[in-house]
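Participant: I have a structure here, written as structure tokens, and I will follow up with some questions on it.
The values are calculated or read from the model by the stated rules, or taken from the named source; none is laboratory data. Please read all numbers here as calculations on a predicted model, not as lab measurements. All Cβ positions, glycine included, derive from the backbone under ideal geometry; neighbour counts span all protein chains shown.
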Amino acid sequence: MNAGPRRAHPRRGTSQGAACEPAGATAARHPFGSDQARAGPGIGSNRPMNSASAADQSATVRERAVASGLVQGVFFRDECRAEAVSWKVSGWVRNRVEGTVEAVFEGAQGAVSHMVEWMRHGPDRARVSDVQVFGEEPEGLVGFAVLPTAGDWRT
């Protein structure tokens, strides 16, 4: 039975049934082709997974922002997380018991500046009256989290 012409695989760009690597590909070009690439951060290396290298640290900035006004109960944290992820910014956001929203942003200067500016208006339903911004030393955070309320008896 003839299966017909081979079509390109939608994810790999290879023909169905063909090898994943192009002819003549070497192990060095494959992402897991060497022991160093296979180990990666935190696996067989001295670098922990949540820490950036010294070269990465010099390009990374960290700012803490505290927004006040009508900032709780308006999806501020969820939209902040979504915006930070889309801008490849690491950090966290949380409500505080006094009614503010606090966030820490780490990443490239332009992306962190964008997030601080985003905090000045927040999501559509928010009414931000003030944002205090504090520069801090980067800690090498990875990913962006919504944390529990600070100062709450449950934390």
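Participant: Are there any pairs with C-beta distances below 7 angstrom linking a residue in the range 82-98 that is over 13 Å from His114 (Cα atoms) to a residue that is of a type in the set (Ser, Thr, Tyr) and surrounded by fewer than 18 Cβ atoms within 10 Å (Cβ to Cβ), with the two at least 6 apart or on different chains, and if so which?
Facilitator: Going by the 7 Å Cβ cut-off, the qualifying pairs are Arg94/Thr149; Asn95/Thr149; Arg96/Thr149; Val97/Thr149.
Participant: Out of the residues in the range 56-72 meeting the condition of being of a type in the set (Val, Ile, Thr) and closer than 18 Å to Ser129 by Cα, tell me which one is surrounded by the most Cβ atoms within 10 Å (Cβ to Cβ). Steps first, answer last, please.
Facilitator: Going through the range 56-72, the residues of a type in the set (Val, Ile, Thr) turn out to be 60-61, 66, 71.
So of that shortlist, the ones also closer than 18 Å to Ser129 by Cα come out as 66, 71.
Working: Val66: 17, Val71: 27.
Among those residues, the one meeting the criterion is Val71.
Participant: Return the total of residues in the range 118-143 being farther than 15 Å from Val61 by Cα and not small (Gly, Ala, Ser).
Facilitator: Counting residues in the range 118-143 that are farther than 15 Å from Val61 by Cα and not small (Gly, Ala, Ser) gives 12.
Participant: Taking the condition of being in a loop (DSSP other than H, G, I, E, B) and surrounded by fewer than 19 Cβ atoms within 10 Å (Cβ to Cβ), how many residues in the range 73-99 meet it?
Facilitator: 8
Participant: At pLDDT below 95, charged (D, E, K, R) and surrounded by fewer than 18 Cβ atoms within 10 Å (Cβ to Cβ): is that true of Arg47 in this structure? First the steps, then the outcome.
Facilitator: Details: at pLDDT below 95: yes; charged (D, E, K, R): yes; surrounded by fewer than 18 Cβ atoms within 10 Å (Cβ to Cβ): yes.
Yes; evaluated as a whole, the condition is true for this residue.
Participant: May I pose another question? Examine the range 102-112 for a residue that is more than 17 Å from Phe75 (Cα to Cα), touching a Lys or Arg at 6+ places or on another chain (Cβ under 7 Å) and part of a helix (DSSP H, G or I), and state whether such a residue exists.
Facilitator: Among the residues of the range 102-112, at least one is more than 17 Å from Phe75 (Cα to Cα), touching a Lys or Arg at 6+ places or on another chain (Cβ under 7 Å) and part of a helix (DSSP H, G or I), which makes the answer yes.
Participant: Can you tell me which residues in the range 59-71 are closer than 13 Å to Ala103 by Cβ and either charged (D, E, K, R) or not in a strand (DSSP E or B) (or both)?
Facilitator: Scanning the range 59-71 gives Arg62, Glu63, Arg64, Val71.
Participant: Regarding Val61, is this residue closer than 18 Å to Ala150 by Cβ and at pLDDT 95 or above?
Facilitator: Against the criterion (closer than 18 Å to Ala150 by Cβ and at pLDDT 95 or above), Val61 does not qualify.
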